[in-house]
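J.: Pasting in a structure now, in structure tokens, and then I'll have a few things to ask.
The values are calculated or read from the model by the stated rules, or taken from the named source; none is laboratory data. This one's a predicted model, so the numbers in the text were calculated from it and none came from an experiment. Cβ placement follows ideal geometry from the backbone for every residue including glycine, while neighbour counts extend to all protein chains displayed.
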Amino acid sequence: MSVRTRPHRHRRIAAALTVACLTAAAAACAPGPSGGSSADSTDNSAKPVSTDPAKAGKVTLTEWDQNTDPGTNASTAALNKAFMQKYPNVTIKRVSRSFSDLKTTLKLALSSANPPDVVQANQGYPDMGAFVKAGLLQPVDRYAKTYGWNTSFPSQLLDLNRFSADGKTWKTGNLYGVSQTGEIVGIYYNKAKLQSLGLSVPTTLQEFETALAKAKASGLQPISYGDADKSPGIHIFGVIQAATAGKDGVRKLVFNTGGAKWTDPGTLKAATTLRSWADKGYLGSGFNGQSEDQAVASFAQGKALFLVDGTWQAAVVEPKMKQNVGFTALSPAAGQPPLTQGGEGLAWAVTSKSKHPDVAAAYINFLVDQQGMQVSADHGNLPALPPADHKPAADSVYAGVLDEWKAVSQKDGLLPYLDYTTPTFYDTLTAGVQELTAGQLTPAKFTDQLQSDYASFQQSK
Amino acid sequence: MAVTAPRPTARNRRADAPSGRPARRRGRIQWKGYLYALPALAVLTAFLLVPLGQLVQISLYHWDGVSASTWAGLANYTEIARNPQLRAGFLHSFVLILFFAVFPIVLALLLAAVTTRASRLRGVSFFRALIFLPQVVAMVVTATAWTAIYAPDGILNTALRTIGLKAVTRPWLGDFSTALPAVGLIGTWLEIGLCLVLFTAGIGQIPAELYEAARIDGAGVVREFFAVTLPGLRGQITVALTLTVIAALRTFDLVYVATHGGPGNATSLPAFEVYNRAFGTGQVGSACAIAVVLTVLILIVTILITKLQPKEDGT
């Protein structure tokens, strides 16, 4: 008997300990701050703005950015250095992480007791929306007024950085930041190959499809496409959807303004079109197992006529193809301004707990004023507000990129990235496109899946 | 045997002893024992039990990771049962058990049995190190290398084309029917070395007389394997099974690097979903619920595996 009781007591004590630990943990308050913390940020808004960081005394400003690629990294470093030279009393501590690293660590950093002063927040519900809801960012409307961001930025760019104070409605309400760079998705083309096929640069979806068919018939791979990383699927689908569903159709869907469904004819047509491209071999074979990098490299080697990708790939293909590559965006109809998805770089935002919001705002203004935009352009980036005298070499791909960006951003042709739709839409859409192009899903079933994600998000709001 | 031997004597002595004093002394000794265990217990509590408790706690809330949470009750758990994509994820990890555990163990047993026939090999330790190499290489490196092998224009397809099997070539990781087995085969490659090293070491401990006896009795290769080698390796097989099954169930990095759960959701796994929901889509409560289910699942499977092993002989 006594022998048997020993293990039992062990077990009892262990069980008691476990229960004690669990209850101790459960008794602690629910995860996350208890509600009402979003009120913190409103106190500042009435205060007058000091625009001279020199008067702020000794200040250490911590900024977190995602500018790790050569162009943006160099321009950010140059601007930080210039700011510290202009204001020797300010020290900027830079923390730079890749986009995905920033995405996973920024939440933790922001909710800590001592967050960075300036951060780059990604637009949309999962990031900026969540930060605003938790009261971690402060509205910058008073700075926008002081520094004239309200007038220097087109409203469609500003709106992407707006959220209602509760973080639930995007594109309206307070301004939470401004962006330094622009980006759009478009079509890169191989100039020599296009010419040898006797084709001109396509400007509408119809012309594009004609070119695809002609390339295929001549034995040339029409589009270099690789979707193993999942994100390129959004881009190619978006380029088609912009043409088939139109400006209002896409905006209603992504911005949740109501009155539109993902099963609408325009989106269904886009799905049917993409599926037919896959079936006809326009996308090549094995694209779901090919990475985006491989697809871009293959296009740069001249193995395909087109590449559907973002302006951020210009610096990748240019060194290999030199003047032989061009960039275009499709218009809904000939003669109309181009319409394509894109946006702006992550918004530079000020955190609620920053001790020097005025210095932080002055720093952000330093990044996005004409001088800041010029420095950005000088390092090969696409500035959100291109300076008037910024002119890349006329026959380079950069000239095409800049022209299309100007046309799209200034003529209301910017469509939002589709994954902004709901917090889980990136997963739903990217998996769906892979299934659609591989013939696992019919176009109708594909749009059903998108709609069901969309509907459940609207219900939870 | 050496372990089990003292137990009966200890039991006898205790049974013989007068009942009063030793009981008290035993109590005192016990508490002192706990005192010694206290540092370990404190570390365990601070770094394992408390986080585990928090995990369970968060799984009962809807939480985006930054703002206030709302009570969810068991909603995050019922979602796992209802969501076909999550259910498929768990199913996929059971398919992986086949590739991570069953195949490597069967193959390693065969290879080990063959090696025992060659009684003395030169450079055995060299080959052992070589075959163990996959375990040493970082998983991300492994996954990247295999991605290149499986790519549409990768080594595998090139090799198939040169021997005239062009019809078989495909984007192995991008094809809905081959993606999961392709990921699984990376696991087989990874785990077979571990199993083989365990088994050859185990065979070394089987007394040579048993093999001699078997041979004198006229046992062939097959008979010898089932009569001597397999029973002698029971312990090692259990260890190998435990390690490889856990490796299969918690697979994350392989899928994160090689397929991102794609194509579609053909290779999505619970551990990958945990990461994706916690850090990607801001569904921290749901991520924790999946983690809890995964933990319980691993616990149950591990217990079942140890149950498979009959208690050590001695009887």
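J.: Run down A:SER285, A:SER276, A:SER291, A:SER298 and say which single residue is surrounded by fewer than 17 Cβ atoms within 10 Å (Cβ to Cβ) and within 14 Å of chain B (Cβ to nearest Cβ). Write out each step before concluding.
T.: Values: A:SER276 fails: within 14 Å of chain B (Cβ to nearest Cβ); A:SER291 fails: surrounded by fewer than 17 Cβ atoms within 10 Å (Cβ to Cβ); A:SER298 fails: surrounded by fewer than 17 Cβ atoms within 10 Å (Cβ to Cβ).
Residue meeting the stated conditions: A:SER285.
J.: Also, I was wondering about something else. With respect to A:ALA134, is the statement that it is within 14 Å of another protein chain (Cβ to nearest Cβ) and small (Gly, Ala, Ser) true?
T.: Details: within 14 Å of another protein chain (Cβ to nearest Cβ): yes; small (Gly, Ala, Ser): yes.
When the stated conditions are applied, A:ALA134 passes them.
J.: Scan region A:103-129 residue by residue and report those that are in contact (Cβ under 8 Å) with a residue 40 or more places away in the chain, in a helix (DSSP H, G or I) and out of contact with any Leu (no Cβ under 7 Å at 6 or more places or on another chain).
T.: Matches in region A:103-129: A:LEU106, A:ALA109, A:TYR125, A:PRO126, A:MET128, A:GLY129.
J.: Go through region B:250-308 and count every residue that is basic (Lys, Arg) and either assigned to a loop (DSSP other than H, G, I, E, B) or within 12 Å of chain A (Cβ to nearest Cβ) (or both). Spell out how you get there, then give the answer.
T.: At the first step, the residues of region B:250-308 found to be basic (Lys, Arg) are B:250, B:277, B:307.
Narrowing the set further to residues that are either assigned to a loop (DSSP other than H, G, I, E, B) or within 12 Å of chain A (Cβ to nearest Cβ) (or both) leaves B:250, B:277.
Selection size over region B:250-308: 2.
J.: Can you list the helices (runs of 4 or more DSSP H) found entirely within region A:384-461 that contain at least 2 residues being among the β-branched types (Val, Ile, Thr) and out of contact with any strand residue (DSSP E or B) (no Cβ under 8 Å at 6 or more places or on another chain)?
T.: Working: elements: A:397-410, A:425-437, A:443-460.
Output list reads A:425-437.
J.: Listed residues A:VAL375, A:VAL401; which is among the β-branched types (Val, Ile, Thr) and assigned by TED's automatic domain parsing to the domain that holds A:GLN123? Reasoning before the result, please.
T.: Numbers: A:VAL401 fails: assigned by TED's automatic domain parsing to the domain that holds A:GLN123.
Just a single option satisfies the conditions, and that option is A:VAL375.
J.: Show me the helices (runs of 4 or more DSSP H) entirely contained within region A:208-314 in which 1 or more residues are in contact (Cβ under 8 Å) with a residue 12 or more places away in the chain and in contact with a strand residue (DSSP E or B) (Cβ under 6 Å, 6 or more places away or on another chain). It would help to see each step written out before you state the result.
T.: Details: elements: A:232-255, A:265-279, A:292-300.
Output list reads A:232-255, A:292-300.
J.: All but one of (1) touching a helix residue (DSSP H, G or I) at 6+ places or on another chain (Cβ under 8 Å); (2) modelled with pLDDT under 90 hold for B:ASP253; state the number of the condition that does not hold.
T.: (2)
J.: Taking into account only those residues within region B:27-53 that are under 25 Å from the mean Cα position of the chain (by Cα) and within 11 Å of another protein chain (Cβ to nearest Cβ), which is surrounded by the most Cβ atoms within 10 Å (Cβ to Cβ)?
T.: Looking at the filtered set, the residue picked out is B:GLY53.
J.: If you don't mind, there's one more thing I want to ask. Return yes when A:LEU367 is modelled with pLDDT of 95 or more and touching a strand residue (DSSP E or B) at 6+ places or on another chain (Cβ under 8 Å) and no when it is not.
T.: Values: modelled with pLDDT of 95 or more: yes; touching a strand residue (DSSP E or B) at 6+ places or on another chain (Cβ under 8 Å): yes.
Taking the combined requirement at face value, the residue satisfies it.
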